[in-house]
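Worksheet: one structure, shown below.
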Amino acid sequence: MNRSMLINGLLAMGSLVGAIVFRAPLTALMSTHMLVQIPLLVLAGITTEQAWWAWRTRIPSVPRPLGARSWSYNEYGVPGLLLASLIGACWMLPRALDEALLVWQVALFKYAGLFLVGMVLRASVRRSNTVIKLFFLGNFCWMSAIVGMIYLDQPVRLCNAYLQSDQEWAGRGLIALAIILPSSWLFAELRPVWRFLNR
């Protein structure tokens, strides 16, 4: 087992266990439900896929169904990124958050679905080019900012399970997310350029 597999495996396990074991405090507030627990579930899927990829590249004799052809339907990562965007939009809806607290089937869909979305998201990013990544990232950040502003502007609470004050904090968090995500992506993309220029 190489270092990448071990680190990603531990991150996946820690994120998934943390999101499930601490579900009560994490879902007590709208802001932590939306901006902590849900990202933890997606992160668990991302790191699981990274660990699987590291394992597969280390063992070239993996059967073909588990190899590259298993993602052949995900051309340039577009279907997977579209799925991740739609699921992300779904969990920005107040009704979805309410139902996840009241209906166990919806809660099961949240835990399993977001974990699988994380796996698909990581595999899709690997297969896509910069233009496709930028398009989907821009679309998600624009959507996050709009929903955040709606949460801030509404004079009444939108979630039955949460107070209006926490709704406002969730709105601020979504707007911050819309700023942090593209900034982080831009930093990651430009880092090789800066390294080259500073040689």
Open item on the list: Tell me the label only: which of (1) 1.00; (2) 1.08; (3) 1.59 is Rg/Rh (Cα atoms, Kirkwood Rh) as calculated from this structure?
Closed with: (1)
Open item on the list: Given the -39500 (n - 2.57) contribution per DSSP H run of 4+ residues, what per-residue ellipticity at 222 nm results for the chain, rounded to the nearest 500 deg cm²/dmol?
Closed with: -25500 deg cm²/dmol
Task: Which of Phe115, Phe187 has the fewest Cβ neighbours within 10 Å, and the rest in rising order - done: Phe187, Phe115
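Based only on other Cβ atoms within 10 Å, what is the fewest-to-most ordering of Met30, Met92, Met13? Could the numbers behind the result be given before it?
On the way: Met30 27, Met92 20, Met13 14.
By the 10 Å Cβ count, ascending, the order reads Met13, Met92, Met30.
In debye to the nearest 20, how big a dipole does the chain give about its Cα centre with +1 on each Lys and Arg Cβ and -1 on each Asp and Glu Cβ?
About 960 debye.
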TODO: Set Lys and Arg Cβ to +1 and Asp and Glu Cβ to -1, take the dipole of the chain about its Cα centre, and tell me which of Val147, Ala176, Val117 lies farthest positive.
DONE: Val117
Task: Sorted by Cβ density within 10 Å, fewest first, the residues Ser184, Ser124, Ser4, Ser144 - done: Ser184, Ser4, Ser144, Ser124
TODO: May I ask you to compute the full-extension gain from Ser184 to Ala107, defined as 0.36 nm times their residue separation minus their alpha-carbon distance, rounded to one decimal in nm?
DONE: 24.7 nm
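Read-outs throughout are calculated quantities, based only on the coordinates presented, and are distinct from any laboratory measurement. Computed from a predicted structure; not experimentally measured. Neighbour counts are summed over all protein chains in view; Cβ atoms, including those assigned to glycine, are modelled from backbone coordinates with ideal geometry.
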